[in-house]
Structures are given as structure tokens and as C-alpha cells.
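Report on the structure given below.
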Amino acid sequence: MAGGIIRAIVTPHTPRMGIEESAPDFVKAAIKGSYELGEEIRAAKPDVLVVNSAHYVCTFNWYATTIAEHKGYAVADEAPDLIGGVPYRYRGDPEYGRAILDEIKALGYPTGANDSPHFQWDYGSWVPIKYIDPKAELPVILIGTCLAADLEECMRVGGAIRKAAEQTGRRVAFAASCSFTHKLVRGPEQWPSEERLAADRKFIQMLTKGRIAEAKAWFPEYTKFVVGEMGGRNIATMLGCIDDGAGVKYVGAEFGAYCQSSGSGNTSVSVRQAA
Ligand SMILES: [Fe+2]
């Protein structure tokens, strides 16, 4: 089958999800959703899993990993008592990582290859990957969140990630690792406000119903209203991965259930081309 984005995903990483055995009850449905999402993704047999985490933060350049093997310890820098150093080991995909960077560069944006063997994953990358692919079956590429990029640039970079997939023949699952609303408050069990919950439900429904053009058009206003994580950059990149050109139909699915965590809204949503 030809290369392309076979799944465009939003999936959560709240640090309370990190260690399943000690996770509080209110994130259990999110963990279940991440496992179910992983089963669905792996059944679709992608060549590579690309994760764009809200906690892998870059200032000016777009970075992608180009190492053949990821190996290290995941520590949640903001909550080392919750995720204090868990070993991980996954294969990489240097060729596709470099192809992504070439396509981003062709758009005129600065890039850099992350080929450091000493690089350690942020927990926003590690949490979803450990549930999506617990046996490390899939090669993984991490892409940083670029602070100098606005939402439009993020969407265009999503298009570059898709183009690189088509050119290299890679069947790619792309995951934005972030929450939906992200108006954080102290208190792990706090829910988002009613208004932000309603906005999240409306946006998630656009994705699950495959109303991608509508989701893209509303996204800047929506993410501002819900105080999107990293300004909405990760979801903007995910939306940019989806080709909403004429004649292409999409369907989506939500996995598990929407959960609160310190005022944020968390759930796994996957979009794919309709059969
Ligand atoms: Fe986060």
C-alpha cells in the first residue's frame, strides 16, 4: 500500500497516567483508551509511529529524531515523584526522520536533526508510546513542538509530514500528545469548566464525524477558548497531517473516555480515511 498518514491521533499524557499501578481512578478510563487506541493502531500495521509531544519543546527550529535506536529513562521533569525514571528502548526511522526535515525545510522553516544518543524522552512522548506500543514493535520518531511557529505554520508542517510519508512510502500513525482543554488548576481531580467541556465535546465530535475542514476552520478560535496545551500547536500539526482535499472522506473514533486531570480534558481520538 502507498505511503501516507493512516492515522491522525490526539492522545493524552497526564503524568498521573504514567505508572498504571499507581494511577488514580479518575485517569483509568484514559489509560484504557490509550491501550485500545494502541491495539487499533497496531492492527492497521503502520511502518512508523510519529509522536509530537507538548513536552518536547524547541524554541526556533523544528527537530525530528533521526537516530536508529531510542534508549534511555523517562523522567517527568515537572513530576519526578510520579514518573521517576522508567527505562525505554524503541527502534527509530532515520530515513523518514530526515525526509520530514527536508520537507519542512522546503517550506522555508528552520530545522535540525536530533541524532543525539544522549537525548532522553520527555514524559509527554513516553506516556502515550508505552500504552500504544507496550512491546516496542513499531519504530518511533519524535518531533518537537516549535514555539516560534504559529498555528498556520504547524498545520503546514503537518502537511510536510504527510508529503514525506508519501514520498518515502511510509504508512504513518501520527500522534499529537496533548490534552484538549488545558486551563490548569491545582487539584488533580478538578474538571474543566462546563463551557470548556462543551467546546471540547463539540471539537471532538467534529473529529469523530470526519468533519475535518470544519475542525480546521474552527480550531484557532476553539483552542484559544479552551487554552489549548502549547497554544494548540500539537493538534494544529495533527490537523495539518489530514488531507481534507476534495473527495477525501474521513471517519474518527474516540477510545476510552474523556477524563479530567487538574482542570485539563484528556482522551484519545483517532481519524482515518473512510474505506
Ligand atoms: Fe502536558
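Read the figures in this text as sums done on the coordinates, not as results from a lab. Since the model is a prediction, treat every value here as computed from it, not as a measurement. No Cβ is skipped: glycine too gets one built from the backbone with ideal geometry, and neighbour counts run over all protein chains shown.
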Inter-label distance, nm, simple model (7 Å from Cα along the C-beta direction), E78/E214: 3.2 nm
Net charge of Cβ neighbours under 14 Å - reference P139; Lys, Arg +1; Asp, Glu -1: +3
3J(HN,Hα) from dihedral phi, the range 235-245, Karplus parametrisation 6.51/-1.76/1.60, rounded to Hz, x for glycine, proline: 5, 4, 5, 4, 5, x, 5, 8, 7, 9, x
Longest to shortest principal axis, alpha-carbon extents of the range 181-247, angstrom: 45, 21, 18
5 Å-binned pair-distance histogram of the range 68-227 (Cα, whole percent): 1, 7, 14, 16, 18, 18, 15, 9, 2, 0
Solution diffusion estimate, µm²/s, Stokes-Einstein, the range 137-264, Kirkwood Rh from C-alpha pairs, 20 °C, viscosity 1.002 mPa s: 138 µm²/s
Pair-distance profile P(r), taking every C-alpha pair of the chain, with 5 angstrom steps and integer %: 1, 6, 14, 19, 21, 18, 13, 6, 1, 0
Alpha-carbon gyration tensor eigenvalues x 5, square-rooted, for the range 110-158, Å: 24, 15, 10
Whole-percent pair-distance distribution, where bins are 10 Å wide, for the alpha carbons of the range 4-143: 12, 42, 35, 11, 1
Residue-averaged 222 nm ellipticity for the chain, from DSSP H runs of 4+ at -39500 (n - 2.57), nearest 500: -11000 deg cm²/dmol
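A 30 angstrom limit on the alpha carbon distance is what I want to check against. Which of K163/K224; K45/K71; K105/K135; K135/K216 exceed it?
K105/K135; K135/K216
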Per-selection Rg to Rh, the range 222-270 - Cα, Kirkwood hydrodynamic radius: 1.02
D_trans [Stokes-Einstein, Kirkwood Rh over alpha-carbon pairs] for the range 133-209, 37 °C, 0.692 mPa s, µm² s⁻¹: 207 µm²/s
Solution diffusion estimate, µm²/s, Stokes-Einstein, the range 26-94, Kirkwood Rh from C-alpha pairs, 37 °C, viscosity 0.692 mPa s: 224 µm²/s
